[in-house]
Amino acid sequence: MDSVFALAAANLVSPVILSFALGLLAALARSDLSVPEAAAKALSIYLLFAIGFKGGAAVAESGFGGTLALGLLAGVILSFAIPLVAFALLRVVSRLSVVDAAAVAAHYGSISIVTFVAATAALQSQGIAYEGWMVAVAAAMEAPAILSALWLVARKGGAAEQEEGLLREVLLNGSIVLLVGSFLIGVATGAEGLAKIESFIVAPFTGVLCLFLLDMGLIAGRGLREMRRGGPVSPALIGFGLLMPLIGGAAGLASALLIGLSPGGAALMTTLAASASYIAVPAAMRVALPEANPSVYLTLSLGVTFPFNLTVGIPLYIAAAVALAGG
Amino acid sequence: MDSVFALAAANLVSPVILSFALGLLAALARSDLSVPEAAAKALSIYLLFAIGFKGGAAVAESGFGGTLALGLLAGVILSFAIPLVAFALLRVVSRLSVVDAAAVAAHYGSISIVTFVAATAALQSQGIAYEGWMVAVAAAMEAPAILSALWLVARKGGAAEQEEGLLREVLLNGSIVLLVGSFLIGVATGAEGLAKIESFIVAPFTGVLCLFLLDMGLIAGRGLREMRRGGPVSPALIGFGLLMPLIGGAAGLASALLIGLSPGGAALMTTLAASASYIAVPAAMRVALPEANPSVYLTLSLGVTFPFNLTVGIPLYIAAAVALAGG
Amino acid sequence: MDSVFALAAANLVSPVILSFALGLLAALARSDLSVPEAAAKALSIYLLFAIGFKGGAAVAESGFGGTLALGLLAGVILSFAIPLVAFALLRVVSRLSVVDAAAVAAHYGSISIVTFVAATAALQSQGIAYEGWMVAVAAAMEAPAILSALWLVARKGGAAEQEEGLLREVLLNGSIVLLVGSFLIGVATGAEGLAKIESFIVAPFTGVLCLFLLDMGLIAGRGLREMRRGGPVSPALIGFGLLMPLIGGAAGLASALLIGLSPGGAALMTTLAASASYIAVPAAMRVALPEANPSVYLTLSLGVTFPFNLTVGIPLYIAAAVALAGG
Amino acid sequence: MIRHKAKRVEIVIEAIMARRLAAALTEAGVTGFTVLPVEGGSGRSGPWSREGQVTRAGGMNAFVCIVREERLDALLEAAYRVVERHIGVICVTDCEVLRAERF
Amino acid sequence: MIRHKAKRVEIVIEAIMARRLAAALTEAGVTGFTVLPVEGGSGRSGPWSREGQVTRAGGMNAFVCIVREERLDALLEAAYRVVERHIGVICVTDCEVLRAERF
Amino acid sequence: MIRHKAKRVEIVIEAIMARRLAAALTEAGVTGFTVLPVEGGSGRSGPWSREGQVTRAGGMNAFVCIVREERLDALLEAAYRVVERHIGVICVTDCEVLRAERF
Ligand SMILES: Nc1ncnc2c1ncn2[C@@H]1O[C@H](COP(=O)(O)O)[C@@H](O)[C@H]1O
Ligand SMILES: Nc1ncnc2c1ncn2[C@@H]1O[C@H](COP(=O)(O)O)[C@@H](O)[C@H]1O
Ligand SMILES: Nc1ncnc2c1ncn2[C@@H]1O[C@H](COP(=O)(O)O)[C@@H](O)[C@H]1O
Ligand code: NA
Ligand code: NA
Ligand code: NA
């Protein structure tokens, strides 16, 4: 337990976390510090490309191993199942409508790729290896949760918009395509390809992550400021935002142990299950469940769960995974 | 011949080419993956600055050699002459109007700096040296083709807009100024200057090129999608887009042999002559020949000839140049 | 004296200065070369983050030393006092109104962080060390000058807008928050933190600075072009723009000697006092003194004083500081 | 310059719905429109800004669409079906255009 | 489609004043508006462009604000107080809106 | 607030022609206008979008230009000469302005 705290403390004084904190504080203090939208999008393209490529190159080195298919399957099942748990919990602890609860649930079933990236950075700084194809699992976990949410709404008689194009749109959204695409490029070009672009995607990676998290902090801080002014997010909901990642994480860790991932891979699977989407799922909800209130799900996933995972969650998940899956 | 295929195959599995392919496929599959306009422009500024500077620094190292003036002259003549060939060919194989044919011809006389950059990257990964001042030749080849096209239209009684400012505007367009300017900075500051900014313009170069080509792929893919919906680009025109680079390239290679360039330099001259503009010339055409249909010339240069050069052309041009100009 | 010229000459052929010159010339020649606004902002975020972080990490290494408090105090006093001198001088040499003169004065009391960055780059290339916390002094000098200017206007019966939020806004403006924030992150994470993001914020730094100065050159050039068309900037004002940095710089150098800074630190203090703001102060003036003519203060600070400092000033300040504060 | 009466319709809509609106307009025979970026705004669902956003859910667009009077109803019905359950505004102004053959 | 008469107010204002204008509008009970980015322009204070700017002093925004006729005066007074000493323009157009309950 | 009648002219034009339009307007004595970025659109020449573009040929701008009624014709003629052979639309709306001395 001590070492968890030590890890958490070490994690907290990393430039990555402190950059997030800086953004958060700047926004709460109403500084006009801001990152242009185009720059933020460019940073996210860089991160997705780099993390995908590195994963692919690692697979090209070490092979897929036997567990890739199991890993994908576990991820998809988790993404389908977690929203059901989240929905039930929300209906008990909060007064959210069916539509709002389903929308929030979808976010928790899906994943946050930046949380995943931060976890890989933490693993790397602790020298813990992981399966390169975990990025493919991350991609596979983005969409199923959306289907669960729409099913929940339909079952309760709600009118999720019968959007034909939606599933296609979600499966082909920019983040998934870029992540999977660069993963495949990494697999195809391997160590040789990596050598060519290493000084672009490996060396500066953590620094770019700092700037990206600065921006995430700014956005989360703006959201929290709205919340303080009396938004729709109650203390019970905040409690949900802190508890749900632990529930999801536990399910993720259990699955990881079941299919026999390495300690690093188990930590990542835990992180994925514990994290909540704020890129792909909000967009899908705006299309399919426009009546759901975006400030509820964005505040929870970006303002509560994301910082929780970044600061407390990740070191905890790593420690747990190492303890349970480790040598 | 075998080695050409081997080279082409090696070229095809490079991260650079695969990034282009990823963009192309994403656009064809109607993914919403996109690079913000400001980020794409920033990437192109980086590439122009880096390629110009490196060329200049190389010249500062090794001197201009005797052939710079000849190289520039050859480039200018090629840029003037190729549109005449292209125009004649287009009038035979297609039913394009005089104005449309002239506009397309201008693109093929001018050059694509990204194709040039990709060729330098390919040369570098094969360890083949080239004259640093080839970037100056690239800059010199951008504009003359435009004059040829306007002359063609005027000769046929067409009304090219009598735009006073146009020539000035083309000669001082951003890409040319940046390329020539950074080339001169490279010449002035030499190896010492290069050392100061090497880890910015050399090490990450190929990685940045990947992201830029991802964007190029997205744009080319969107263009091709329009084409499939029944645009104005006929099979005959596509044939032209595949044949013309070979004709232009042959002329470029012949000139290079005539003036005695190194194998690497000859490969670049071939590539320049084979490539078609999609940055400077389209803009000039919109001003001077607004009646010309942009989807014809953009689809051909960006959707057909650019991918052809990137995948098949460049390895072919390098192999030919090495075979004919090589030791 | 010889060595000053040698230094100035060496300074002039650095890629950094030549990039500025390229931008300047391109704008004067009315090239359409331009850097997207979002890219320019992203570059400035990078520079502020990097310079702040490196300063903080240096402090974490070597300790604050005894002079930090004195340095901050000296900076604040200089920022308050220099506008008074500048104002008096302007009222003598020019016919600017009280409001215009006060607005210009505010710019010269405040600082230009890019000039500061260029000075640190010059120090580094000459291997001269400096106190890492000078970035904190830079941040502390941004705002006081604004108060002096408003006081000058109020004393003359002018109506500076009684903007409640203004002081808060200035103190929490994006540049200050980012500079101070990243400085503190650097202090907190120290050499270990620096190691993690070194290849992002140290290695490519000078190259990024080149692109940023290219953009600064473009903006300065556009301003000068307006001026040539008969703007409100008289020769007397240009003389002020060249003289004032020397006056401010002398005051800065005297303070530095008084409090016993290292030669590098003294050079930076001189540079700060000599530089004129063009980011924070113009914005504050638009809010508080909207009647002041922005083309006067922007042309002077960005079109005259900034290039002067970049080319002649910095080598001069370094030489003077080394001569007077040095071993 | 001869000017012809027409209608100018301005539709502020979530960026995520823009593709659908464009498709609906095209289907309704409205082939000419211009899409403007929107930087921020405020409405019943509170204030928002595009700064630093990465989520594709944020952001809005403004469609400007100039049509002959007789096509206005078709346009509004098509637009309304897309906007119906979503936030956003639709506003119509009288205007005059040059080059009427283009509309 | 039933359309309701309303007013469309367009305010071009320095970006640095945008936050103040938004606050003033909100205070005057105008809670709906859309902010458009402006790329450049020209006026009595000369031409300007947003390209490559880093100073926060440059740049303008265009506010578009649709209100019921009876709130127009309150809106204009609030806006005028902010713009008064600053550069920028205010322009009012008649318009019609769908979904009048939103305004 | 006293309001004065004026005309609001909106010109959607290729970005590459924007510099020429600005010059033509200035020459015609129209010194006030605002240039908005355009993100995409659709017309007889098909749909387009600014995303990821690097060519300077793509992209459009929207000029908004408020003038006194008596200068409208001069403005339209100047604008028309620039737009004539190019794609793009010109649209005129009645409006009212505050601070009439500025126009
Ligand atoms: N009265 C209005 N005038 C102009 N834009 C509006 C107005 N009301 C809403 N909007 C725009 O529509 C968006 C959504 O509005 P709402 O549905 O009221 O939340 C806002 O963020 C604004 O961009
Ligand atoms: N007549 C006008 N029509 C449209 N926009 C204008 C007009 N006059 C001024 N503007 C805008 O307001 C800004 C400031 O104008 P001014 O106060 O005249 O310098 C200009 O840069 C334009 O963006
Ligand atoms: N009816 C219209 N309403 C608004 N914008 C239009 C309209 N028609 C054309 N445009 C704009 O003008 C551009 C060129 O139109 P076109 O000349 O028809 O290809 C389009 O891409 C749109 O941005
Ligand atoms: Na999850
Ligand atoms: Na060519
Ligand atoms: Na100063």
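The values are calculated or read from the model by the stated rules, or taken from the named source; none is laboratory data. Every value quoted in this text rests on a predicted model; they were computed, and no experiment measured them. For neighbour counting, all protein chains shown are included, and Cβ atoms are generated from backbone atoms with ideal geometry for every residue, glycine included. Quick note on the areas: whole protein, heavy atoms, side chains included, nothing else; ligands and nucleic acids left out. Shrake-Rupley method; radii C 1.70, N 1.55, O 1.52, S 1.80 Å.
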**Report entry** Matching entry among E:Ala23, E:Ala79 (being away from ligand 3 (no atom under 16 Å from the Cβ), part of a helix (DSSP H, G or I), more than 8 Å from every other protein chain (Cβ to nearest Cβ) and over 30 Å from C:Ser44 (Cα atoms))
**Finding:** E:Ala79
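Residues E:Val35, E:Val89: which one is away from chain C (no Cβ under 14 Å), modelled with pLDDT under 95, touching a Ser or Thr at 6+ places or on another chain (Cβ under 9 Å) and not in a loop (DSSP other than H, G, I, E, B)? Steps first, please.
On the way: E:Val35 fails: modelled with pLDDT under 95.
Going through E:Val35, E:Val89 in turn, the sole match is E:Val89.
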**Report entry** Selection within segment B:55-76 - over 18 Å from B:Leu272 (Cβ atoms) and crowded, with 23+ Cβ neighbours inside 10 Å
**Finding:** B:Ala57
Query raised in the report: Would a scan of segment D:14-24 turn up a residue that is among the aliphatic types (A, V, I, L, M), touching a Cys at 6+ places or on another chain (Cβ under 9 Å) and either more than 16 Å from ligand 6 (Cβ to nearest atom) or on the phi > 0 side of the Ramachandran plot (or both)?
Result: no
Query raised in the report: Going through segment E:9-20 one residue at a time, which ones are within 16 Å of ligand 1 (Cβ to nearest atom) and at the interface with chain C (Cβ under 9 Å from one of its Cβ atoms)?
Result: E:Arg19
Query - Enumeration of residues in segment C:177-196 that are among the β-branched types (Val, Ile, Thr) and either more than 8 Å from every other protein chain (Cβ to nearest Cβ) or in a loop (DSSP other than H, G, I, E, B) (or both) - result: C:Val180, C:Val187
**Report entry** Qualifying positions in segment C:261-277 - open to solvent by 10 Å² or more (accessible area, probe 1.4 Å) and either of a type in the set (Ser, Thr, Tyr) or at pLDDT below 95 (or both)
**Finding:** C:Ser262
Query raised in the report: How about segment F:31-65: which of its residues are of a type in the set (A, V, I, L, M, F, W, C) and out of contact with any Cys (no Cβ under 6 Å at 6 or more places or on another chain)?
Result: F:Val35, F:Leu36, F:Val38, F:Trp48, F:Val54, F:Ala57, F:Met60, F:Ala62, F:Phe63, F:Val64, F:Cys65
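With respect to B:Gly127, determine if the residue is more than 16 Å from ligand 6 (Cβ to nearest atom), more than 14 Å from chain A (Cβ to nearest Cβ), assigned to a loop (DSSP other than H, G, I, E, B) and surrounded by fewer than 20 Cβ atoms within 10 Å (Cβ to Cβ).
no
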Query - Number of the exception - B:Gly231 against (1) surrounded by fewer than 19 Cβ atoms within 10 Å (Cβ to Cβ); (2) of a type outside the set (Asp, Glu); (3) assigned to a helix (DSSP H, G or I) - result: (3)
Report task. Go through segment D:92-103 and give me each residue that's among the aliphatic types (A, V, I, L, M) and more than 8 Å from every other protein chain (Cβ to nearest Cβ). Result -> D:Ala100
Query raised in the report: Just to be sure, is B:Ser19 closer than 24 Å to C:Ser19 by Cβ, among the polar types (S, T, N, Q) and at the interface with another protein chain (Cβ under 10 Å from one of its Cβ atoms)?
Result: no
Query raised in the report: Within segment E:82-93, is there a residue that is buried (at least 19 other Cβ atoms within 10 Å of the Cβ), within 21 Å of C:Arg222 (Cα to Cα) and of a type outside the set (A, V, I, L, M, F, W, C)?
Result: no
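Yes/no per residue for (1) closer than 21 Å to B:Ser79 by Cα; (2) within 23 Å of the chain's Cα centre (by Cα); (3) modelled with pLDDT under 95:
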site	(1), (2), (3)
B:Thr115	yes, yes, no
B:Ala159	no, no, yes
B:Leu171	yes, yes, yes
B:Leu184	no, yes, no
B:Phe200	no, no, no
B:Cys210	no, yes, no
Query raised in the report: When both residues are 6+ apart or on different chains and their Cβ atoms are under 7 Å apart, which pairs have a first residue that lies in segment C:197-210 and is more than 9 Å from chain A (Cβ to nearest Cβ), and a second that is among the hydroxyl-bearing types (Ser, Thr, Tyr) and surrounded by 20 or more Cβ atoms within 10 Å (Cβ to Cβ)?
Result: C:Val208/C:Tyr46; C:Cys210/C:Ser19
Query raised in the report: Here are some conditions: (1) modelled with pLDDT of 95 or more; (2) among the small types (Gly, Ala, Ser); (3) farther than 21 Å from A:Ala60 by Cβ. B:Ser34 meets all but one. Which one does it not meet?
Result: (1)
Report task. Just need a number here: residues in segment A:291-327 that are within 25 Å of A:Val13 (Cβ to Cβ) and in a loop (DSSP other than H, G, I, E, B). Result -> 1
Query - Counted residues, segment F:9-23 - those being open to solvent by 20 Å² or more (accessible area, probe 1.4 Å) and within 15 Å of ligand 2 (Cβ to nearest atom) - result: 1
Report task. Output the residues belonging to segment D:60-76 that are surrounded by fewer than 20 Cβ atoms within 10 Å (Cβ to Cβ) and at the interface with another protein chain (Cβ under 8 Å from one of its Cβ atoms). Result -> D:Asp73
Report task. Please specify each residue of segment A:192-204 satisfying the condition of being in contact with a helix residue (DSSP H, G or I) (Cβ under 6 Å, 6 or more places away or on another chain) and open to solvent by 10 Å² or more (accessible area, probe 1.4 Å). Result -> A:Leu194, A:Lys196, A:Phe200, A:Ala203, A:Pro204
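Among the candidates A:Ala236, A:Ala273, which residue alone is closer than 19 Å to A:Ala81 by Cα, small (Gly, Ala, Ser) and away from chain D (no Cβ under 14 Å)?
A:Ala273
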Query - Subset tally (residues that are assigned to a helix (DSSP H, G or I) and of a type in the set (S, T, N, Q)) for segment B:41-96 - result: 3
Report task. Test E:Phe103 against the criterion of being of a type in the set (Phe, Trp, Tyr), free of Cβ contacts under 8 Å to residues at least 60 places away in the same chain and surrounded by 17 or more Cβ atoms within 10 Å (Cβ to Cβ), and give yes or no. Result -> no
Query raised in the report: Would segment B:104-113 turn up any residue that is within 14 Å of chain A (Cβ to nearest Cβ) and under 30 Å from B:Tyr130 (Cα atoms)?
Result: no
Query raised in the report: If you check C:Gly132 against the conditions, is it under 20 Å from the mean Cα position of the chain (by Cα) and outside any helix (DSSP H, G or I)?
Result: yes
Query raised in the report: Taking into account only those residues within segment E:38-67 that are within 12 Å of ligand 2 (Cβ to nearest atom) and modelled with pLDDT of 90 or more, which is nearest to the chain's Cα centre (by Cα)?
Result: E:Ala62
Report summary line: Cβ pairs under 9 Å, 6+ apart or interchain, first in segment C:244-260 and in contact (Cβ under 8 Å) with a residue 12 or more places away in the chain and under 16 Å from C:Leu89 (Cβ atoms), second basic (Lys, Arg) and away from ligand 2 (no atom under 16 Å from the Cβ), ordered by first then second residue, are none
Query raised in the report: For segment A:82-98, which residues satisfy the criterion of being open to solvent by less than 40 Å² (accessible area, probe 1.4 Å) and under 25 Å from A:Ala140 (Cβ atoms)?
Result: A:Ile82, A:Pro83, A:Ala86, A:Phe87, A:Leu90
